Amino acid sequence: MADHLKRRIGLPLLIAYGVGVMVGAGIYVLVGAVAGVAGHFAPYAFLLAGLIAAPTALSYAEFSTRIPEAAGEAAYIGKGFGSELLAVLVGLAIVLAGTVSAAAVLRGGAGYLIGIADVPLIWAAIAMGLLLSGVAVIGVMESLSLAALFTAIEVIGLILVVWAGATSEPMPAQITANPTPWTELAPGIGAGAMLAFFAFIGFEDIVNMAEETRDPTFTMPRAILISLVITSSLYALVVWAALRAVPPEALAASDQPLALVWASATGGDARFLSAIAVFAALNGVLAQIVMASRVLFGLGKRSPALALFHHAHPRFGTPALASTLIGLAVILGAILLPVATLAETTSAVLLAVFVLVNAALIAVKRRGEPGPFTVPLFVPVLGLVLSGIALIAAF
C-alpha cells in the first residue's frame with residue numbers, strides 16, 4: 001500500500017468543497033436565530049461574522065502553503081509549538097469533533113428522509129452512511145464531485161429563497177420604521193455576528209485536502225478565501241430576502257424559517273426545502289468523513305500508535321482504512337449516541353483549535369521563517385483575539 005495520496009484536486013472542486021462544508025443545514029436554522037437578535041440588520045451580522053472568520057482563514061491559508069499536509073491543524077500546531085504530543089491530541093480532537101458532527105447531521109438527514117420516504121429511521125441512517133462511506137473509499141474525485149453536486153442543490157435552494165423574498169412585497173415595518181440609534185444597533189449586530197459565526201465553521205476542513213491538491217501553494221489560499229467570500233455573500237443575500245418577506249420576530253419563532261419565507265412570499269408548498277435539507281445533510285456527512293479520514297491519515301505519520309492509518313489504497317489512492325473506520329463510527333453514533341448533545345461541543349473544540357492555530361502562526365512568524373504565501377503578523381493576532389472572543393461567547 002502507498003503512503004501518499006494522489007494529487008487530483010483542482011481549484012474549482014476545492015472551492016465547491018469549501019462552500020459545501022459551510023453552507024450546510026445550519027443556515028436553515030441560523031437565519032431565524034440571528035434575525036431574532038439583530039432584527040432587520042441581520043444581513044450585516046452575517047457579513048460581520050464573515051469578517052470575524054477572515055483573519056483565521058488567512059492564517060490557515062498561510063499555513064496551508066507552508067505545510068501542505070493532511071492533518072493540517074495538527075501539523076501547524078506541531079510546527080508552532082514544537083510539540084508532537086499536542087499536535088496528535090489536537091488532531092484526534094478534530095477527528096472526534098468531525099465524527100460526532102457527521103453523526104448528528106446523519107441522524108438529522110435521516111429524519112428529513114423518512115418524512116419523504118416511508119422507511120425506518122435506523123435503516124435510513126445505515127443506508128445513507130454506508131453509501132457515503134463507500135464513495136469516500138472509492139476516490140477523492142468521486143467524493144468531491146458528488147459533494148459539488150450536493151452543494152449545487154443546496155445553493156439552488158437558497159437562491160430560490162432569495163428570489164422568493166426579493167420578489168415579494170417588502171414588509172411595511174421596513175418602510176415605516178423609524179431610524180434606530182447606532183448605540184442600540186451595535187450590540188444586536190455584534191450578538192448576531194457571534195451566532196452567525198458558527199455558520200462559517202468549515203473553511204478549515206479545506207486544508208486537510210492539501211496532499212491531494214494540485215499545486216497547493218497556488219490553490220489552497222485561493223480556495224479558502226474564495227469559498228469564504230462566496231458563502232458570506234450568499235448568507236447576507238438569504239437573510240436580506242428573508243427579512244423582506246417575514247418579520248424578524250416570526251423568523252426567530254419558526255423551526256423552519258426559510259420554509260416560512262417561501263410560504264409567505266409565494267403562497268406555495270415549501271416541502272421541497274425538506275428534500276434539499278436531505279442533500280445538505282448528505283453533503284455535510286460526506287465532507288466530514290473525507291476530512292476526518294485525512295486527518296487520521298496524517299496523524300499516522302506523526303504517531304507510531306496510529307501508523308496503520310497512514311496508508312493509501314493502491315487502486316483508489318484514498319485512506320481506505322481511515323475512511324471505513326470513520327464511516328462506521330458515524331453510523332453507530334447516529335444510531336446509538338445522544339449526538340445532539342455531543343454535537344454542541346464540536347464548535348467549541350474547533351474554536352479552541354482556531355486559537356491554537358493562530359498562536360502557532362504567531363510563533364512561526366516571530367522566528368522569521370519565510371513562507372511562499374504570508375500575511376502580516378497582525379492577522380493571526382487578530383484571528384486569535386476574535387476566535388477567543390467567539391470561544392468565550394460559545395459558553
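The values are calculated or read from the model by the stated rules, or taken from the named source; none is laboratory data. Predicted model, so just to flag it, every value in this text is computed and none were measured. Positions of Cβ are backbone-derived with ideal geometry, glycine not excepted, and every protein chain shown enters the neighbour counts. For the accessible areas, the whole protein counts, side chains as well, though only heavy atoms, and no ligand, DNA or RNA atoms are used. Shrake-Rupley method; radii C 1.70, N 1.55, O 1.52, S 1.80 Å.
For the condition of a type in the set (Gly, Ala, Ser), at pLDDT below 95, part of a helix (DSSP H, G or I) and open to solvent by 40 Å² or more (accessible area, probe 1.4 Å), Ala390 does not qualify. The set of residues in the stretch 311-348 that are under 30 Å from Gly383 (Cβ atoms), at pLDDT below 85 and buried (at least 19 other Cβ atoms within 10 Å of the Cβ) comprises Val339, Ala343, Thr346.
Filtered by the rule that a residue be open to solvent by 10 Å² or more (accessible area, probe 1.4 Å) and modelled with pLDDT under 85, the stretch 6-35 gives Lys6, Arg7, Arg8, Gly24, Ala25, Gly26, Tyr28, Val29, Leu30, Ala33.
Scanning the stretch 61-84 for residues that are under 24 Å from Thr318 (Cα atoms), open to solvent by less than 10 Å² (accessible area, probe 1.4 Å) and among the hydrophobic types (A, V, I, L, M, F, W, C) gives Ala61, Phe63, Ala70, Ala71, Ala74, Ala75. Across the stretch 360-387, the qualifying residues are those that are more than 12 Å from Phe63 (Cβ to Cβ) and in contact with a Leu (Cβ under 8 Å, 6 or more places away or on another chain), and the one among them that is modelled with the highest pLDDT is Arg366. So in the stretch 235-269, with the set limited to residues that are assigned to a helix (DSSP H, G or I) and out of contact with any helix residue (DSSP H, G or I) (no Cβ under 6 Å at 6 or more places or on another chain), which one is most open to solvent (accessible area, probe 1.4 Å)? Within the stretch 235-269, the match that is most open to solvent (accessible area, probe 1.4 Å) is Glu249. A count restricted to the stretch 85-98 and to residues that are out of contact with any Ser or Thr (no Cβ under 6 Å at 6 or more places or on another chain) and surrounded by 21 or more Cβ atoms within 10 Å (Cβ to Cβ) stands at 6.
The single condition from (1) without any contact (Cβ under 8 Å) to a residue 40 or more places away in the chain; (2) within 24 Å of Gln288 (Cα to Cα); (3) not aromatic (Phe, Trp, Tyr) that Asp205 fails is (1). Taking each residue of the stretch 241-255 that is within 17 Å of Gly157 (Cβ to Cβ) and looking for partners that are open to solvent by less than 40 Å² (accessible area, probe 1.4 Å) and hydroxyl-bearing (Ser, Thr, Tyr) with beta-carbon atoms closer than 6 Å, six or more apart or interchain, yields Ala245/Ser168.
Return the residues of the stretch 116-150 that are part of a helix (DSSP H, G or I) and open to solvent by 70 Å² or more (accessible area, probe 1.4 Å); say none if nothing qualifies.
Ile116, Ile122, Trp123, Leu130, Leu131, Ile138, Glu142, Leu149
Screening Leu48 against (1) in contact with a Lys or Arg (Cβ under 9 Å, 6 or more places away or on another chain); (2) under 22 Å from Val385 (Cβ atoms) leaves a single unmet condition, (1).
Looking at Val229, Val239, which is the one that is modelled with pLDDT of 90 or more and touching a Pro at 6+ places or on another chain (Cβ under 6 Å)?
Result: Val239 is the single residue among Val229, Val239 that is modelled with pLDDT of 90 or more and touching a Pro at 6+ places or on another chain (Cβ under 6 Å).
Restricted to the stretch 165-208, and to residues there that are under 15 Å from Trp240 (Cα atoms), at pLDDT 80 or above and not hydroxyl-bearing (Ser, Thr, Tyr), the residue that is most open to solvent (accessible area, probe 1.4 Å) is Ala166. A Cβ distance below 6 Å, combined with a sequence gap of six or more or placement on separate chains, defines the contacts here; from the stretch 91-117, residues that are without any contact (Cβ under 8 Å) to a residue 40 or more places away in the chain reach residues that are open to solvent by less than 40 Å² (accessible area, probe 1.4 Å) in the pairs Ile114/Ala124. Screening Ala16, Ala33, Ala110 for residues that are in a helix (DSSP H, G or I) and within 15 Å of the chain's Cα centre (by Cα) leaves exactly one candidate, Ala16. Among the residues of this structure, Gly78 counts as one that is small (Gly, Ala, Ser) and either under 16 Å from Ile224 (Cβ atoms) or touching a Leu at 6+ places or on another chain (Cβ under 9 Å) (or both).
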